[in-house]
Each structure stands twice: as structure tokens, then as C-alpha cells.
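Right, one structure below, let's go through it.
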Amino acid sequence: EAQVTQNPRYLITVTGKKLTVTCSQNMNHEYMSWYRQDPGLGLRQIYYSMNVEVTDKGDVPEGYKVSRKEKRNFPLILESPSPNQTSLYFCASSLMGVGNSPLHFGNGTRLTVT
Amino acid sequence: DAKTTQPNSMESNEEEPVHLPCNHSTISGTDYIHWYRQLPSQGPEYVIHGLTSNVNNRMASLAIAEDRKSSTLILHRATLRDAAVYYCILRHSSNFGNEKLTFGTGTRLTIIP
């Protein structure tokens, strides 16, 4: 089944403890991206990747890192998480990074930083 | 920058058509109009997208105004499973390899049995 898989689904951590949220897609998509969803603020893009080794900042990249070493994986790294990064995170992919390409989203990772 | 605005909520009776509006008055010529819906505890799910012409698929229809400053997602016969938050998103990508996504705040659709 074609899908975007995020892990873990739920994560509770403490301030400053490095963490990684994984994202994997099995559709051979070139484009992948990360978003956070907060009440009243909607979806906001964190980072995106047009292809392997090509990443770029979205609207809210501060406090996050990404890497794209292989086509199928696009992990989101929080080097020193803070409580304001408590949010619902979504990974998405599309065949290409163009306007005509539908996005496929994962089921989300709910992160709580205490 | 492009912006999209949607009503916060709408209600519709089951088995009746639903028209969900989105205003995007600052849309640029290369922005595609996408619609997604989100069920509780799930990620957004693609519904439909278009550029200038109206579009139909098995899930819905998309009507795009001639000036492209607004669009309407049409669910032809709403079912209880269509209850969700619907997002209008503009997706733009340039020839220089960067992109811009503009998200609406979503419309919560309630279906009345």
C-alpha cells in the first residue's frame, strides 16, 4: 500500500533532550516536507526537500533540522527541544515538488515537550 | 504573498450537495489550488486540485472562478463520512527549485443525519 509512515505517533520528552521523528515513503516520490499544526495557527511548513541532498526552509524552520540522504526517508531532528515545539507534526510527500503534484500526508506525530 | 480565507464552519444535511468556498484574491498565475480534508486523528487527505478549469474526480468537483480569486469545492451528495475539516491550499513552485505553500485555516464541515 502506498503510504507515508511517521514514527513515533506519540512522543513525550523533556526540554533539551535531542529527538528524531522519522518519515518514510514507499512511492518513489522526489519531494518530501514537514509541517506543524497548532490550534488557531493551522498548518505551517517547517522544511521541504525537492530531492536527495536538496533541502530548504519553510515558514517556521527555527529549532529544527532535516536531512535527505536517501529518497524514501526525511527525518526531522530537534537538537534541543523546547516547550514551544509541542505540536502535532505531519510529514508529506509528492511525486515532484511542483504545483500540479498532490501531497500525501502521514498520520502525524504528537510531540509534547515538558 | 498569497492568502486564503475560508469560513470556520459549515453544516449540511446528509445526501444533499455541499459547496465549500475559498477566497484567494492574491493568487499568482502559477499557484495551483488544492483541497484536502482532515478527519480526527489523521493526516490531511488529498481531495482535488486545479489551475484554471473546473475539475471533477470521484470524490468531488472543483469550481474555479474565471479570475481565479475564489474557488468552491463541491461534494455532490454528502455522507456522514464527509464530516471533516476541509483545507484550501495554494501550491506554487518556481523554475528556481523553491516552492511556496499557502494554507487556509480550514472549514469544519458537519453533516446532519
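The values are calculated or read from the model by the stated rules, or taken from the named source; none is laboratory data. Note that the structure is predicted; figures quoted are calculated from it, not measured. Backbone-built Cβ (ideal geometry, glycine too); neighbour counts: all protein chains shown.
The table below gives the values:
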{"quantity": "Residue check, residue A:113 β-branched (Val, Ile, Thr) and facing chain B (nearest Cβ under 8 Å)", "calculated": "no"}
{"quantity": "Strands (runs of 3 or more DSSP E) contained in region B:10-113 and holding at least 3 residues at pLDDT below 95", "calculated": "B:84-93, B:99-103"}
{"quantity": "Region B:48-91, residues that are surrounded by 19 or more Cβ atoms within 10 Å (Cβ to Cβ) and within 14 Å of residue A:100 (Cα to Cα)", "calculated": "B:48, B:49, B:50, B:89, B:90, B:91"}
{"quantity": "Extreme residue, nearest to residue A:108 (Cα to Cα), among residues of region A:35-93 that are among the β-branched types (Val, Ile, Thr) and assigned to a loop (DSSP other than H, G, I, E, B)", "calculated": "A:86"}
{"quantity": "Meets criteria (under 13 Å from the mean Cα position of the chain (by Cα) and either on the phi < 0 side of the Ramachandran plot or of a type in the set (S, T, N, Q) (or both)) for residue B:80", "calculated": "no"}
{"quantity": "Complete set of residues in region A:81-98 that are over 16 Å from the mean Cα position of the chain (by Cα) and at pLDDT 95 or above", "calculated": "A:82, A:83, A:84"}
{"quantity": "Residues located in region B:18-64, provided they are at the interface with chain A (Cβ under 9 Å from one of its Cβ atoms) and over 10 Å from the mean Cα position of the chain (by Cα)", "calculated": "B:30, B:31, B:32, B:38, B:41, B:42, B:43, B:44, B:45, B:51"}
